[in-house]
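The values are calculated or read from the model by the stated rules, or taken from the named source; none is laboratory data. Quick caveat: nothing in here was measured; it's all calculated off a predicted structure. Here Cβ is always computed from backbone atoms with ideal geometry, including for glycine, and neighbour counts include all displayed protein chains.
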2 protein chains.
Amino acid sequence: MTSFLVIGHTASTDASFSLNDLPGGGGRMDLICRAVGSSLFLSHGIRTDTICDILLLGQPHPSRIIRFDGSALRSLSPDERNIASHIKRALAIPTGKTLRQAGPGLFCKAGTLAEQLMEGKYAVLDESGIDIRTVGDEDMPDSFLLSDNQNLTGAEQEITANLPCYSLGPSIVHADHAIVLILNEIDRRRSGWN
Amino acid sequence: MTSFLVIGHTASTDASFSLNDLPGGGGRMDLICRAVGSSLFLSHGIRTDTICDILLLGQPHPSRIIRFDGSALRSLSPDERNIASHIKRALAIPTGKTLRQAGPGLFCKAGTLAEQLMEGKYAVLDESGIDIRTVGDEDMPDSFLLSDNQNLTGAEQEITANLPCYSLGPSIVHADHAIVLILNEIDRRRSGWN
């Protein structure tokens, strides 16, 4: 099982955002949607062994965590608009401190970064980290924390200061592209390509 | 300079497709837009040394080739809707056999796969190909042909039968994800990470 946690610093916490304005009114929800797609889609199917959690920190509500669980998802398409419609559906249900189902493989709860990080052994990505290709199989994490187009805040950096830190290459790439690179590295190791 | 050519077998050749229905009315234009985004976007900037050509084969007109040239593009955003609006703009200008500019770094012409392949030394991606990580620097191609969610047709396979063929990993991934993996491999080699 591989798990991603993607922080959307400005991503809407209310279901009322417009599918026609994901970057603006959605608070860079377009980027979050692409990250969900990169986590879950193969050419002709869903990665059933992958979870993508998104942490929405934008207006107007307290933060929300939405889970896309590849083992149970149905009828998700890879276009931003369809993924965003799933996010809207998840944001529309009453929210508590535990995950509540909004559809097959789709869940929502109230939650913070600190709480979520306690649920797995996360690694962070940073250009200063160890090249992921050089990490021993036994040290490969199964949970990865990524940020949207904004760097981690000071408070987030404090929370994540002790997490292992890996780099994916010399270029700094979007979160959805980083996820593609991580999954390729994991796929290769599992299939004996390295 | 790195160049991608992405075939959209059903992608609309008329500017009238709706930005609200890229997968359906656009003929899987969502996938084409993500491929353009993967080709050109770094975390905080555009890849100025990269070109993404898209070959649109859908209804109602003869095939169109639209070029996104990273060295000259302005005001392109990475969300599907914005990229699709650039495609609509390119499809709206009168089209001939040579590239005509529709905006900064944005061009369009009538053209076929066979014609386009003569403009570079292309490689194709296929799971049966040579692992791209094992290719010598001197053999790394600078132009890559990718297909949308459909396999190459019989006629396209004939045209491309003699092109070098590379594989990116054990999983078959979407064209936009394949582009991310190719660019990471090129980035690493150029920066001495391998």
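Tell me yes or no: at least one residue of segment A:11-24 is buried (at least 24 other Cβ atoms within 10 Å of the Cβ) and either within 13 Å of the chain's Cα centre (by Cα) or closer than 16 Å to A:VAL180 by Cβ (or both). Yes, that holds for at least one residue. Does B:THR48 count as within 25 Å of A:GLY169 (Cβ to Cβ) and at pLDDT 95 or above? Yes. Just for segment B:26-58: of the residues that are buried (at least 21 other Cβ atoms within 10 Å of the Cβ) and among the polar types (S, T, N, Q), which one is nearest to A:LEU181 (Cα to Cα)? Here the residue is B:SER38. Within segment B:59-72, the only residue that satisfies the criterion of being surrounded by 21 or more Cβ atoms within 10 Å (Cβ to Cβ) and assigned to a loop (DSSP other than H, G, I, E, B) is B:GLY70.
Residues of segment B:42-94 that are among the polar types (S, T, N, Q) and more than 22 Å from B:THR112 (Cα to Cα): B:SER43, B:THR48, B:SER71, B:SER75, B:SER77, B:ASN82, B:SER85.
Going by what's in this entry, would A:SER128 be described as touching a strand residue (DSSP E or B) at 6+ places or on another chain (Cβ under 8 Å), small (Gly, Ala, Ser) and under 30 Å from A:GLY26 (Cβ atoms)? Answer is no for this residue. Considered as a group, the residues in segment A:87-101 that are in contact (Cβ under 8 Å) with a residue 24 or more places away in the chain and in contact with a strand residue (DSSP E or B) (Cβ under 9 Å, 6 or more places away or on another chain) include one that is nearest to B:ARG34 (Cα to Cα), and that residue is A:ILE87.
A count restricted to segment B:1-27 and to residues that are of a type outside the set (A, V, I, L, M) and within 11 Å of another protein chain (Cβ to nearest Cβ) stands at 6.
Of the strands (runs of 3 or more DSSP E) that lie entirely inside segment A:79-194, those containing 1 or more residues that are in contact with a Leu (Cβ under 7 Å, 6 or more places away or on another chain) and either within 14 Å of chain B (Cβ to nearest Cβ) or surrounded by 17 or more Cβ atoms within 10 Å (Cβ to Cβ) (or both) span A:106-110, A:122-131, A:143-147, A:165-167.
Among the residues of segment B:28-52, those that are in a loop (DSSP other than H, G, I, E, B) and within 12 Å of chain A (Cβ to nearest Cβ) comprise B:ARG28, B:SER43, B:HIS44, B:ARG47, B:ASP49. Residues that are within 17 Å of B:THR13 (Cβ to Cβ), in contact (Cβ under 8 Å) with a residue 60 or more places away in the chain and not hydrophobic (A, V, I, L, M, F, W, C) within segment B:69-86 comprise just one, B:SER85. If you check A:SER12, A:SER16 for being within 14 Å of A:ALA90 (Cβ to Cβ), of a type outside the set (A, V, I, L, M, F, W, C) and touching a Gly at 6+ places or on another chain (Cβ under 6 Å), only one passes: A:SER12.
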